[in-house]
Each structure stands twice: as structure tokens, then as C-alpha cells.
Amino acid sequence: MPTAVAENYLKQLYYGQQAASGELVRVGELAAAIGVTPGTATTMVKSLARSGWAVYEPRTGARLTRRGERLALSVVRRHRLLELFLSKVLGLDWSEVHAEAEVLEHAVSEKVVEKIDAL
């Protein structure tokens, strides 16, 4: 199971690929989106590649593997369901729910996600 940091990178790679029409995401762009230095992002992307979640091409960029994309979509789904739950059920203001969902998406179990989805 990936760490919360790895999940955030996978999610940002997914969003980057969507914006780039499936092309490689430049590591500098990924670093800026996450708020880290390019060197830090490169280190994590290499780790994701070793784990089989991404493909890294030095000086060009990175993209998700199918396995990585499935995991990224799972994180995105958790995040979006949590945003809806926090807003619709708990009554949090929409301006607050993104930050809360960012924290919770890494801690909530699949069982809870499925219950929220069913609700």
C-alpha cells in the first residue's frame, strides 16, 4: 500500500496527464503542483516507477502505468466522495471541504468509502 505522499503524487500525475491529454507530465510541473522542489519530485517519481505505478523518462517527464492510474483514480474517488459527504451530510462549507478531504482521503477505509458511496 502506498504512503499518503505517494498517493498525492499519483493523484497529481493523473490530473497532469488529463491536462496534457495523456502526454508525459514534466517533473517541474508536478513539483509545482505539489509544492516541492523538482529534485524532491524526481526522487518520488523514481520511487513510483520502481513500484510499477509510473514510468519515468529522465529530462522528459512521467506518466502513470495502468496500475498507477487505477490507484490514482481510487484516491480521486475517495477524495470526491469525502468532499460530498463533508458538504452534504456534515454541512461544512464548500470552501472548507477540499482541505479536509485531502487529509481524510488517506485515512478512511474502503469500507467507509463504500458506505459513503451508498449513502
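The values are calculated or read from the model by the stated rules, or taken from the named source; none is laboratory data. Everything quoted here is computed from the prediction, not taken from an experiment. With ideal geometry, Cβ positions are generated from the backbone for all residues, glycine too; neighbour counts draw on all protein chains shown. We work out accessible area using only protein heavy atoms, side chains counted, and drop any ligands, DNA or RNA first. Shrake-Rupley method; radii C 1.70, N 1.55, O 1.52, S 1.80 Å.
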Legend entry - Principal-axis tilt of helix 4-19 within the chain, Cα atoms, nearest 10 degrees: 80
Inset, instruction - Would you kindly derive the ³J(HN,Hα) couplings of region 113-119 from the backbone phi angles with the Karplus curve 6.51 cos²θ - 1.76 cosθ + 1.60 (θ = phi - 60°), listing them in order in whole Hz, with x for Gly and Pro? - result: 4, 5, 5, 5, 4, 5, 5
Inset, instruction - Sort Y15, Y56, Y9 by accessible area with a 1.4 Å probe, largest first. - result: Y15, Y56, Y9
Legend entry - Förster radius 25 Å - calculated FRET efficiency between A4 and T60, Cβ distance, rounded to 0.05: 0.40
Legend entry - Estimated dipole of the chain in Debye, rounded to 20 [Cβ of Lys and Arg +1, of Asp and Glu -1, Cα centre]: 520
Inset, instruction - Evaluate the relative contact order of region 41-101 (contact order divided by residue number), counting alpha-carbon pairs under 8 angstrom at least 6 apart; express in whole percent. - result: 19
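Kindly report the accessible area of region 1-92 per residue (heavy atoms of protein chains, probe 1.4 Å, no ligands, DNA or RNA), in Å². Don't skip to the end; give the middle numbers.
Working: 5020 Å² over 92 residues.
Here the per-residue accessible area is 55 Å².
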Legend entry - Gain in span if fully extended, H106 to R67, counting 0.36 nm per residue against the direct Cα distance: 12.2 nm
Inset, instruction - With no solvent and one equal point scatterer per Cα, compute the Debye intensity ratio I(q)/I(0) for region 5-62 at 0.13 Å⁻¹ and report its log10, rounded to two decimals. - result: -0.24
Legend entry - Among A6, T65, V36 - extreme Cα towards positive end, dipole of the chain, charges at beta-carbon: T65
Inset, instruction - List every residue whose amide H lies under 5 Å from the amide H of A54, counting only residues 5 or more places away in sequence or on a different chain, with H placed 1.01 Å from N in the peptide plane. - result: A49, T65
Inset, instruction - May I ask you to derive the FRET efficiency for D93 and K46 from their Cβ-Cβ distance with R0 = 41 Å, giving the value to the nearest 0.05? - result: 0.55
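Relative contact order (percent) for the chain, with alpha-carbon contacts under 8 angstrom and 6 or more residues of separation?
Values: 126 pairs, mean separation 27.3, N = 119.
Across the chain, relative contact order equals 23 percent.
Could you size up the charge dipole of region 47-87 around its Cα centre, putting +1 on the beta carbon of Lys and Arg and -1 on that of Asp and Glu, and report it in debye to the nearest 20?
Values: 9 positive and 3 negative charges, 27 e Å.
Around 120 debye, computed over region 47-87.
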Inset, instruction - Calculate how steeply helix 94-104 sits against the longest principal axis of the alpha-carbon atoms of the chain, using the helix alpha-carbon long axis, and give the answer as 0 to 90 degrees to the nearest 10. - result: 70
Inset, instruction - Using 0.36 nm per residue of separation minus the Cα-Cα distance, give me the extension gain between L84 and L24 in nm, one decimal. - result: 18.5 nm
Inset, instruction - Evaluate the Kirkwood expression for the hydrodynamic radius of the chain, namely the inverse of the mean inverse distance over all pairs of different C-alpha atoms, and round to one decimal in Å. - result: 14.8
